[in-house]
Amino acid sequence: MTAEKESNGLDNYGFALEGHFCDLPEKADKLDASADDSNNKLAYIVTDVPPWYLCILLGTQHCLTAFGGIIAIPLILSEALCLQHDGLTQSYLISTIFFVSGVCTLLQVTFGIRLPILQGGTFTLLAPSMAMLSMPEWTCPAWTQNASLVNTSSAEFMDVWQSRMRALQGSIIVGSLFQVFVGFSGLIGLFMRFIGPLTIAPTISLIGLSLFDSAGSSAGNHWGISSMTTGLIILFSQYLRHIAMPLPTYSKDKKLHISRAYIFQILPVLLGITVSWLICYILTTYNVFPADPECYGYLARTDLKGEVIGRAPWFTFPHPGQWGMPTVSLAGVVGILAGVISSMIESVGDYHACARLSGAPPPPKHAINRGIGIEGLGCLLAGAWGTGNGTTSYSENIGALGITKVGSRMVIVASGVFMVVMGILGKVGAIFTTIPSPVMGGMFMVMFGVICAAGVSNLQYADMNSSRNIFIFGFSMFTGLAIPNWVLKNPKAIATGVIEIDQMLQVLLTTSMFVGGFFGFMLDNTIPGSKQERGILAWNKAHEDDSSETLECGEVYNLPFGISSYMSSISWLRYVPFCPPGLPHSQEPKQPLGNPEAGQIIIGVSV
């Protein structure tokens, strides 16, 4: 083992922390022997800082991973907002949601949970938003459904869609205040004592499983292209991950020289999307794909939104209140609150999955409190800016961590900056809209599968030989799929006579993550079982060992810029739920858990 590997605690022959490329073992059998041991290890853990160029590349990959979900939300909302025939306004909405997502990502990574997790639009708020806009008073006028009758620059048309957007904004702003309170007051931290593996596992797993329809729909627009994208990502991430590629490298000692890098291991998603996107562009140029919108394969073309690219401005500056003063309705707020509750439950599971896949200790209560509070603040900003949606921790990003084995939060900082730039450069954002939906569908097939696996992996803490635990997990998963499916097929079955209650139940019962997590939580906390059997002891081991004061946990979750050190000198701040507890000056930090020679905790889920 080289000196660099010993200092890094790595054994997967990826990039070294200093920015140089690690040397390959001279003999193939050494590589084979180490390959099995390195499958679950990360190239970079959460506190590592990769070279700047690698941060840019990996940050771009994370943006592309989240791109499908982020851009899908304004496009889905556009029909309910009566904007289906106004592509330019749709591009403005896309720029706005990218800008806000970037700002919220930087806030979350810097002052929130401080894990490498992207912030983006949330589908949990999309359902109540669609339910609200489907009410009779918000039904789109008939003339807005006819492209020949729509004058996108007329005051009448602008009032139609902006009044609906302002109603969404007001509901999201009020609903987000509840999330801010729950986070910064510490209520989420108190609830964590009742949340264990049998609650987290179905919640995370159903995030991926509930998205199978959207993944299949996007992939089904051209199964050849989507299968190629999926195959390329699998090829790069699984079969070619141990193959080093020669790349030109510059160093002070060796100047310009050739080094070998495991590029397939670190950039599989970006490479897969780029290759498929390029092939689609070539096939579109030579008119291989049909030009008739009614023909199969039409949506694989890359020139479908060429007009929007030409009309989009080079620079756009999203700002609060750009669509007017938000309005508030009780029905909208109640529906959004249901989505906010689901989003918080999902995010708590995302934090643990992200920590697990980025080589970080389990998040302590103060970090979870800050994370939820910052997410609420992000939803408030999204409502004020007028995205028509909120923000939440992005599950697709967690899937990318599991595949790339790069858990550095500096990569996510680069992603946040990149999204802010995309939100300002209107042309750049418009260009990204040309990624064909089959390419995104192929990527979803891999990402959502990884999310499901990350959720199931939490069951390792519980005793799955117990019939109690098998029943709870199985029942939670099955009901999390069956109940939403039935409610979606029978939307008029819920009729209490109070429209606000109907909307709230409609949203809750059609959110798979909420249904599965609710039954997992209730059954796990009411059916008799020991803490060891439930997995609570193993799940909370770090907290019970006071891991919030270990060196590793402080490095990951303490506030930056010396804020935690300053707060530790103010005694009463230790009682503030979202402040790090700090270390007494006379107390030495505890030794890291695991191998002290490694100096790092390397944890990952083999994909």
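The values are calculated or read from the model by the stated rules, or taken from the named source; none is laboratory data. In this text the structure is predicted, and so the values were computed from the model without any measurement. FYI the Cβ positions are ideal-geometry reconstructions off the backbone, even for glycines, and counts take in every protein chain you see. Quick note on the areas: whole protein, heavy atoms, side chains included, nothing else; ligands and nucleic acids left out. Shrake-Rupley method; radii C 1.70, N 1.55, O 1.52, S 1.80 Å.
Some notes on this structure:
- Hey, L126 within 27 Å of the chain's Cα centre (by Cα) and touching a residue at least 60 places away in the same chain (Cβ under 8 Å) or not: yes
- Taking the stretch 73-95 as the range and being open to solvent by 10 Å² or more (accessible area, probe 1.4 Å) and within 17 Å of M132 (Cβ to Cβ) as the test, the residues that pass are I76, E79, A80.
- Positions within the stretch 287-344 being among the β-branched types (V, I, T) and out of contact with any Asp or Glu (no Cβ under 6 Å at 6 or more places or on another chain), in sequence order: V288, T302, V308, I309, T316, T327, V328, V333, I336, V340, I341
- Being of a type in the set (A, V, I, L, M, F, W, C), over 15 Å from S205 (Cα atoms) and either under 26 Å from the mean Cα position of the chain (by Cα) or modelled with pLDDT of 90 or more (or both) is a property that holds for L508.
- Note on the stretch 144-186: residues that are modelled with pLDDT of 90 or more and among the aromatic types (F, W, Y) total 3.
- The single condition among (1) open to solvent by less than 10 Å² (accessible area, probe 1.4 Å); (2) farther than 17 Å from I372 by Cβ that I172 does not meet is (2).
- Test result for F315, at pLDDT below 85 and either over 30 Å from A382 (Cβ atoms) or not β-branched (V, I, T) (or both): no
- Options S101, S134: the member that is modelled with pLDDT of 85 or more and among the small types (G, A, S): S101
- Residue check for I398: assigned to a helix (DSSP H, G or I) and closer than 19 Å to C104 by Cα: yes
- Filtered by the rule that a residue be open to solvent by 10 Å² or more (accessible area, probe 1.4 Å), in contact with a Ser or Thr (Cβ under 7 Å, 6 or more places away or on another chain) and either among the aromatic types (F, W, Y) or assigned to a helix (DSSP H, G or I) (or both), the stretch 341-365 gives I345, E346.
- In the stretch 187-298, counting only helices (runs of 4 or more DSSP H) that sit wholly within it, the ones holding 3 or more residues that are open to solvent by 20 Å² or more (accessible area, probe 1.4 Å) and hydroxyl-bearing (S, T, Y) span 212-219, 268-285.
- Any chance T387 is hydroxyl-bearing (S, T, Y) and modelled with pLDDT under 80: no
- Complete set of residues in the stretch 41-56 that are in a helix (DSSP H, G or I) and buried (at least 16 other Cβ atoms within 10 Å of the Cβ): L54, C55, I56
- Among (1) closer than 22 Å to P268 by Cβ; (2) crowded, with 24+ Cβ neighbours inside 10 Å, the one test that G386 misses: (1)
- For V333, the test of being closer than 25 Å to I501 by Cα and open to solvent by 10 Å² or more (accessible area, probe 1.4 Å) is passed.
- Residues that are hydroxyl-bearing (S, T, Y) and closer than 30 Å to Q61 by Cα, drawn from the stretch 426-482: T433, T434, S437, S457
- Test for Y239: is it among the hydroxyl-bearing types (S, T, Y) and free of Cβ contacts under 8 Å to residues at least 60 places away in the same chain: yes
- Index of the failed condition, G497 passing every other in (1) at pLDDT below 85; (2) in a helix (DSSP H, G or I); (3) of a type in the set (G, A, S); (4) farther than 29 Å from G231 by Cβ: (2)
- Test: residue in the stretch 433-440 that is surrounded by 24 or more Cβ atoms within 10 Å (Cβ to Cβ), closer than 26 Å to T199 by Cβ and among the aliphatic types (A, V, I, L, M): no
- Any hit, the stretch 96-109, residues being touching a residue at least 12 places away in the same chain (Cβ under 8 Å) and part of a loop (DSSP other than H, G, I, E, B): no
This table checks each residue for (1) in a helix (DSSP H, G or I); (2) over 24 Å from S214 (Cβ atoms); (3) of a type in the set (F, W, Y); (4) open to solvent by 70 Å² or more (accessible area, probe 1.4 Å).
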{"position": "L126", "(1), (2), (3), (4)": "yes, no, no, no"}
{"position": "S129", "(1), (2), (3), (4)": "yes, no, no, no"}
{"position": "C140", "(1), (2), (3), (4)": "no, no, no, no"}
{"position": "N151", "(1), (2), (3), (4)": "no, yes, no, yes"}
{"position": "D159", "(1), (2), (3), (4)": "yes, yes, no, yes"}
{"position": "M165", "(1), (2), (3), (4)": "yes, no, no, no"}
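- Residues in the stretch 304-330 that are charged (D, E, K, R) and surrounded by 14 or more Cβ atoms within 10 Å (Cβ to Cβ): K305 alone.
- Which listed residue, of I195, I173, I207, I233, is in contact with an Asp or Glu (Cβ under 7 Å, 6 or more places away or on another chain), β-branched (V, I, T) and over 19 Å from Q90 (Cβ atoms): I207
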